Amino acid sequence: MKIVVLTGAGISAESGVPTFRGSDGLWEGHRVEDVASPEGFARDPQLVHTFYNGRRRKLLEVEPNPAHRALAKLARVRGVDLTLVTQNIDDLHERAGSEEVLHMHGELLKARCNECGVVIPCREDLSRASICPACKGIDCMRPHVVWFGEVPFGLDEIAAAISSSDRFVAIGTSGRVYPAASFVSWARQAGVSTLELNLEESAASGVFHESRRGRAGEIVPLWVEEVISSVNQRS
Ligand code: BV8
C-alpha cells in the first residue's frame, strides 16, 4: 500500500512547538512578511536571525510525541511504502525514528550560504557576523528554510508520489499555505483516497473524502494501527 503523508505544525503542537496561526494571525508576535520572506530578511536580517534563533533554541528543548513515533513505525511495516512530506522545519520526525523525511519548507537545524549555496548543519545562533565555513563569506548565512515567495523543495517528487499512491493523509495542517494546500486536490484528481487528521476543521477539510477530529498524539497512532491491521489482513 503506497501512502503519502503530509504533516503540518499541528503534529508538533503536543511536543510544545507553537503552531503558526494563533487567533491573532501573528507568528510569535511577528508579521509573517517581516520574518519569513526574502524581503523581510533583506530589510532587517538581524530581526529574522533573532526569530529563527529563538525557534532553534526552543526546538533543542522539546521531544517528539506519539504521533511522530507512530509515523516512524508505519514506515517500517511490511507492505507499506510511505512517503513522508512535512511542512515543518523541526527535526521531530527524524528524532522519532523516521529515516526519509521530505522537508518541503526546509530545516531549522540547517543554514545556507547566500554566496556559495553550501548547506551546513546549524544548531547555534546565526547572525550577520556568521562566517560561511566553505567560502569564508561574512554576513551571508541564512536559515535553510523556504520563505514566502520562494519555491518549496521536492515538488516534482511529491507530485509523482501522490499520483502513484493509494492514500493521501494530511495531519495537523490548516491547509492555508500553497502549494502544500493543493496536494489533496492533486490526490483527488488522481483518484487517490484522502484522509485528514486534524484538531479542528481546516480550510481544506471539505476536499477530503474523510476528515477526523482529534489531537494528533491520540488519533495518529489509532490510524496507524488501523492501517497495520488492514495490511496484515491482505497478506
Ligand atoms: C510559492 C517555512 C511559488 C518557514 C513556511 C494568494 C493565494 C494563494 C497563494 C498565495 C497567495 N499569495 C502568495 C501565495 C503563495 C504563498 C501562500 O500560500 N501564501 C498563503 C499565506 C496564502 N506560498 C508561498 O509563497 C510558497 N511558495 O508559492 O512559490 C511557486 C510555487 C510552486 C512552483 C513554482 C513557484 C512558499 C510557502 C512556504 C512558506 N514557509 N514555513 C518557517 O517555518 O519559518 S510556511 C509555514 O506556514 C509552514 O511551513 C506551513 O506551510 C505553514 C503553516 O501551516 P500549518 O503547518 O498548517 O500550521 P498552522 O498553524 O497554519 O495550522 C496548524 C493546524 O494544526 C491547525 O489546523 C490546527 O487546528 C491543527 N492542530 C493544532 N494542534 C493540533 C492540531 N492538529 C492535531 N493535533 C494537535 N494537537
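Remarks
- Verdict on V101 being over 21 Å from the mean Cα position of the chain (by Cα) and without any contact (Cβ under 8 Å) to a residue 24 or more places away in the chain: no
- Listed conditions (1) free of Cβ contacts under 8 Å to residues at least 60 places away in the same chain; (2) farther than 22 Å from D166 by Cβ; (3) not hydrophobic (A, V, I, L, M, F, W, C) are all met by S182, apart from (2).
- Residue that is farthest from the ligand (Cβ to nearest atom) [pool: residues in the range 114-147 that are in contact (Cβ under 8 Å) with a residue 40 or more places away in the chain, of a type in the set (K, R) and open to solvent by 30 Å² or more (accessible area, probe 1.4 Å)]: R128
- Of A75, A111, A36, all but one fail to be in contact (Cβ under 8 Å) with a residue 12 or more places away in the chain, among the aliphatic types (A, V, I, L, M), touching a strand residue (DSSP E or B) at 6+ places or on another chain (Cβ under 8 Å) and open to solvent by 40 Å² or more (accessible area, probe 1.4 Å); the exception is A75.
- Subset of the range 204-215 [assigned to a loop (DSSP other than H, G, I, E, B) and either of a type in the set (K, R) or more than 9 Å from the ligand (Cβ to nearest atom) (or both)]: A204, F208, H209, R215
- Top-ranked residue in the range 166-203 [being open to solvent by less than 20 Å² (accessible area, probe 1.4 Å) and more than 13 Å from L6 (Cα to Cα); ranked as farthest from the ligand (Cβ to nearest atom)]: V192
- Within the range 61-72, restricting attention to residues that are farther than 13 Å from P221 by Cβ and of a type in the set (D, E, K, R), the residue that is surrounded by the fewest Cβ atoms within 10 Å (Cβ to Cβ) is E61.
- Checking E150, E157 one by one, the residue that is near the ligand (Cβ under 7 Å from one of its atoms), modelled with pLDDT of 95 or more, surrounded by fewer than 20 Cβ atoms within 10 Å (Cβ to Cβ) and within 20 Å of N88 (Cα to Cα) is E150 and no other.
- Among the residues of the range 139-167, just one is under 12 Å from A180 (Cα atoms), touching a strand residue (DSSP E or B) at 6+ places or on another chain (Cβ under 6 Å) and part of a loop (DSSP other than H, G, I, E, B), namely G154.
- Scope the range 97-108; condition open to solvent by 20 Å² or more (accessible area, probe 1.4 Å) and away from the ligand (no atom under 13 Å from the Cβ); matching residues: G97, E99, E100, V101
The values are calculated or read from the model by the stated rules, or taken from the named source; none is laboratory data. Bear in mind the structure is a predicted one, so any value in this text is a computation, not a measurement. So basically every Cβ, Gly included, is an ideal-geometry build from the backbone, and we count neighbours across all protein chains shown. Side chains included, ligands, DNA and RNA excluded: accessible areas come from the protein's heavy atoms. Shrake-Rupley method; radii C 1.70, N 1.55, O 1.52, S 1.80 Å.
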